[in-house]
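Here the structure is laid out as structure tokens; the discussion comes afterwards.
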Amino acid sequence: MTEKPWLKFYEPHVPEHIDYPRTTMPAVLEEMARKYPDHTALIFKDTKLTFRAYNEAVDRFAAALQGLGVKKGDRVAVHLPNVPQFPIAYYAILRIGGIVVPCNPVYTARELRYQLKDSGAEVCVTLSLMYPLIKQIRADTDLRHVIVAQVKTYLPPLLRVLFTLLKEKKEGHRVDISGDANTYWFSDVLAQAPAKPQPVEVDWNDIAVLMYTGGTTGVSKGAQLTHKNILVNAYQCKVWLNPEEATEVSLTALPLYHSYAMTTCMNLSTLTAATMVLIPNPRDLEDVLKNITRHRPTQYPGVPAMYVAINNYPHLNKYDLSSIKACISGAAALPVEVQQRFQEITGARLVEGYGLSEASPVTHANPIFGENRVGTIGLPWPDTEVKIVDVDTGEKVLGVGELGELCVRGPQVMSGYWNRPEETANALRPDPAGGDPWLYTGDIAVMDEDGYFQIRDRKKDMILGAGGFNVYPREIEDLLYEHPKVMEAAAVGIPVEGKGERPKVFVVLKPGETATEEEIIEFCKQNLAAYKVPRWVEFRSELPKTAVGKILRRVLLEEELQKQAG
């Protein structure tokens, strides 16, 4: 797409093109430690780590990994929640040219075994509570070394004692690694390592992270994010948000093993010398609210489920949320009602953005302080080109107001999938006119005359409705969020023999509310065309979600199909 109508809506400080410094994220951390050695980099359960201490820990852990034989290009799995050992391990691996393989701590044995095998990781950094799972599958992987971190290492002294007494002794959470070969405590490795690693030359185009994702199709696969990709996307965030260096505080409740938190929380905080407040369990809303009140974050990247939870928290008046200035919501569609209510409660600016792991991940966002168009994902970020193509062939470029598949290209887009040439060719397709390939996102979108984009739905989630009409689940869900009794909603297409698919909705009501199936269907009939009205309504106490908080329509559909098969 050659015309860029959205440029006139950029905020004054946002250029069309950014001159990125040709450096790497570990080098940026080193620079910030020199500029702001005593500024707080990390806060975890009230323990504070300065940039000097943070960078020294990264150096020592990098040297320790080299001592275990980790070389440039080797994969190291990081199987941790949001604890200080995560960013320390992440930057240490990158500093010596290794490749970070972030792993979801709640993975089952089957899921984790697959990811470790597929990546070829030979070292894993895990948490003591999760070590039994690693021990169970270790023989089926290529792991040579396992490093075990403990939550209590970075707890304040009193909490550390209580954790030892109550969690480890009383609840049986103590882990013994003494008899396990090539298994070490993180704290011991750090204490015994040299102060500095051996220098390694790292190129911008070297792979930095294998970010596993379902991608646009098929099984989980590793998106190859280069040092350039992750640096550039963090820099795009910096330009978009326009923060003042060494003044911002980022509430990091999003899990760091996810690309969204990796960039908008961890790497952006490093790039701007911001303080990162680590939240290990984002579902512990009381802990989230206490941290906001105590540590005064200015930025709160999140997902709709997080903002929904705050909107509906019964004792919100006990907490002070006034420090929050800017929030970008991603990973799932942000319902208008949720956005407006959160802004009323906090006074913060909450805008919707968009991205995917294959793009490090952010490609679009509404301006924080410019024109925010509710219900859209906003504008393409600097240096990010966008086009919409027809769903059937993927070759015809569509115009303003036409619905099709969203395609992006830019310096934040991955180099391909790890060891999957066919999947790479399907996701990254060449442009007949030349230049970098286009990333086909699998999302159905439309662009208005000013260049604001709206995601209508996932291509694969589209419901093939009555009479051949396509039904987009998000349209039904957005309507249901307007219902005064509904807290969460999800819509899926249920096959009806010989008649295509019909929508079914799953609804979680607000606390204390009651409703009937007929009531919900009648509400939809008043606001939707007949072919979009759900045929069935199921009330649930909660909906299945990813660890990031994205509602899993796929799981709901699989459950329905199993019922039908039964």
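The values are calculated or read from the model by the stated rules, or taken from the named source; none is laboratory data. These figures come from a predicted structure and were not determined experimentally. Please note: Cβ atoms are built from the backbone with ideal geometry, for glycine as well, and neighbour counts cover all protein chains shown.
Tabulated values for the structure
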{"read-out": "Evaluation of LEU65 against (1) closer than 24 Å to ALA223 by Cβ; (2) under 23 Å from the mean Cα position of the chain (by Cα) (one fails), failing number", "value": "(2)"}
{"read-out": "Any hit, the stretch 515-525, residues being part of a loop (DSSP other than H, G, I, E, B) and at pLDDT 90 or above", "value": "yes"}
{"read-out": "Qualifying position, being out of contact with any Pro (no Cβ under 8 Å at 6 or more places or on another chain) and either crowded, with 24+ Cβ neighbours inside 10 Å or within 18 Å of HIS227 (Cβ to Cβ) (or both), among PRO12, PRO87, PRO37, PRO5", "value": "PRO87"}
{"read-out": "Output for the stretch 78-99, where each listed residue is closer than 26 Å to THR40 by Cα, more than 18 Å from the chain's Cα centre (by Cα) and either in a strand (DSSP E or B) or among the small types (Gly, Ala, Ser) (or both)", "value": "ALA89, ALA92"}
{"read-out": "Selection from the stretch 14-56 of residues that are in contact (Cβ under 8 Å) with a residue 40 or more places away in the chain, among the hydrophobic types (A, V, I, L, M, F, W, C) and outside any strand (DSSP E or B)", "value": "VAL14, ILE18, MET25, VAL28, LEU29, MET32, PHE51"}
{"read-out": "Number of positions in the stretch 289-307 that are buried (at least 23 other Cβ atoms within 10 Å of the Cβ) and among the β-branched types (Val, Ile, Thr)", "value": "2"}
{"read-out": "Out of LEU543, LEU556, sole residue that is at pLDDT 90 or above, of a type in the set (A, V, I, L, M, F, W, C), part of a loop (DSSP other than H, G, I, E, B) and closer than 27 Å to ASP284 by Cα", "value": "LEU543"}
{"read-out": "Contacts under 7 angstrom Cβ, first residue in the stretch 315-329 being in contact (Cβ under 8 Å) with a residue 60 or more places away in the chain and closer than 30 Å to VAL362 by Cα, partner among the small types (Gly, Ala, Ser) and part of a loop (DSSP other than H, G, I, E, B), 6 or more apart", "value": "ILE324/ALA348; ALA326/ALA348"}
{"read-out": "Boolean, GLN198 is of a type outside the set (Asp, Glu) and surrounded by 21 or more Cβ atoms within 10 Å (Cβ to Cβ)", "value": "no"}
{"read-out": "Matching residues, the stretch 307-324, being under 15 Å from ALA253 (Cβ atoms) and in contact with a Leu (Cβ under 8 Å, 6 or more places away or on another chain)", "value": "TYR307, ALA309, ILE310, TYR313, TYR319, LEU321, ILE324"}
{"read-out": "Residues that are more than 15 Å from LEU379 (Cβ to Cβ), among the aromatic types (Phe, Trp, Tyr) and in contact with a strand residue (DSSP E or B) (Cβ under 9 Å, 6 or more places away or on another chain), drawn from the stretch 1-41", "value": "TYR36"}
{"read-out": "Residue within the stretch 268-280 that is modelled with pLDDT under 95, outside the structural domain of VAL100 (by TED's automatic domain parsing) and surrounded by fewer than 22 Cβ atoms within 10 Å (Cβ to Cβ) present", "value": "yes"}
{"read-out": "Any hit, the stretch 184-194, residues being of a type in the set (D, E, K, R) and assigned by TED's automatic domain parsing to the domain that holds GLY73", "value": "yes"}
{"read-out": "Criterion violated by VAL413 - all others in (1) more than 30 Å from ASP206 (Cβ to Cβ); (2) among the aliphatic types (A, V, I, L, M); (3) in contact with a Leu (Cβ under 6 Å, 6 or more places away or on another chain) satisfied", "value": "(1)"}
{"read-out": "Single residue of GLU286, GLU245 found to be out of contact with any strand residue (DSSP E or B) (no Cβ under 9 Å at 6 or more places or on another chain) and touching a residue at least 12 places away in the same chain (Cβ under 8 Å)", "value": "GLU245"}
{"read-out": "Test set (1) buried (at least 19 other Cβ atoms within 10 Å of the Cβ); (2) modelled with pLDDT of 90 or more; (3) not charged (D, E, K, R) - LEU316 fails condition number", "value": "(1)"}
{"read-out": "From the options ARG420, ARG429, residue that is farther than 30 Å from ASP74 by Cβ and of a type in the set (Lys, Arg)", "value": "ARG429"}
{"read-out": "Residue in the stretch 170-193 that is at pLDDT 90 or above, in contact with a His (Cβ under 6 Å, 6 or more places away or on another chain) and part of a loop (DSSP other than H, G, I, E, B) present", "value": "yes"}
{"read-out": "Qualifying positions in the stretch 345-383 - among the polar types (S, T, N, Q) and at pLDDT 95 or above", "value": "SER360, THR363"}
{"read-out": "Selection count, the stretch 411-436, where residues are free of Cβ contacts under 8 Å to residues at least 60 places away in the same chain and crowded, with 19+ Cβ neighbours inside 10 Å", "value": "2"}
{"read-out": "Out of GLU352, GLU358, sole residue that is assigned to a helix (DSSP H, G or I) and buried (at least 24 other Cβ atoms within 10 Å of the Cβ)", "value": "GLU358"}
{"read-out": "Near pairs, Cβ below 8 angstrom, 6+ apart or cross-chain, from the stretch 545-566 (within 11 Å of GLY493 (Cα to Cα)) to any residue that is among the hydroxyl-bearing types (Ser, Thr, Tyr) and modelled with pLDDT of 85 or more", "value": "none"}
{"read-out": "Residue check, ALA253 closer than 30 Å to LYS318 by Cα and touching a Gly at 6+ places or on another chain (Cβ under 7 Å)", "value": "yes"}
{"read-out": "Count of residues meeting criterion [closer than 23 Å to PRO26 by Cβ and over 15 Å from the mean Cα position of the chain (by Cα)] in the stretch 100-120", "value": "3"}
{"read-out": "The lone exception for LYS8 - which of (1) over 30 Å from GLN198 (Cβ atoms); (2) in a loop (DSSP other than H, G, I, E, B) it fails", "value": "(2)"}
{"read-out": "Lone unmet requirement of (1) within 25 Å of the chain's Cα centre (by Cα); (2) closer than 30 Å to ASP448 by Cβ for ASN55", "value": "(2)"}
{"read-out": "Within the stretch 346-365, tally of residues that are in contact with a Gly (Cβ under 8 Å, 6 or more places away or on another chain), of a type in the set (Gly, Ala, Ser) and in contact (Cβ under 8 Å) with a residue 40 or more places away in the chain", "value": "4"}
